[in-house]
Amino acid sequence: MNLKAELINADRTARAARAKADRLYRVALESGHPGDCPGLYEAADVAAREADYLEEEVTHLRRLAQ
């Protein structure tokens, strides 16, 4: 796979991961008190960390593509 295609795929994956994290946080906030759904907040945190990692990978690929 060439670098440009890899960058496009990584960017899409990072955006999807960020959207997933945002949805999980929104659902957790709408669910009420944080103590009511600790697993949901934990899942949102994990998804956010995954999105952060993927966004860093996209940044790295962009540097390589220049």
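Structure values in brief
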{"quantity": "Neighbours by Cβ (under 6 Å, 6+ apart or cross-chain): first from segment 14-39, in contact (Cβ under 8 Å) with a residue 12 or more places away in the chain and farther than 22 Å from VAL58 by Cα; second among the hydroxyl-bearing types (Ser, Thr, Tyr) and buried (at least 17 other Cβ atoms within 10 Å of the Cβ)", "calculated": "ALA28/TYR41"}
{"quantity": "Leading residue by the ranking (surrounded by the most Cβ atoms within 10 Å (Cβ to Cβ)) among those in segment 1-19 that are of a type in the set (Lys, Arg) and at pLDDT 95 or above", "calculated": "ARG18"}
{"quantity": "Filter result for LEU40 (among the aliphatic types (A, V, I, L, M) and either at pLDDT 90 or above or loosely packed, with under 12 Cβ neighbours inside 10 Å (or both))", "calculated": "no"}
{"quantity": "Residue satisfying condition, being among the aliphatic types (A, V, I, L, M) and at pLDDT 90 or above, within set LEU54, LEU64", "calculated": "LEU54"}
{"quantity": "Qualifying residue in segment 49-60 (condition: touching a residue at least 12 places away in the same chain (Cβ under 8 Å), part of a helix (DSSP H, G or I) and exposed (fewer than 12 other Cβ atoms within 10 Å of the Cβ))", "calculated": "no"}
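The values are calculated or read from the model by the stated rules, or taken from the named source; none is laboratory data. Computed from a prediction, not measured in an experiment: that's the story for all the values here. Quick reminder, even Gly has a Cβ in these numbers, built from the backbone with ideal geometry, and neighbours come from all protein chains shown.
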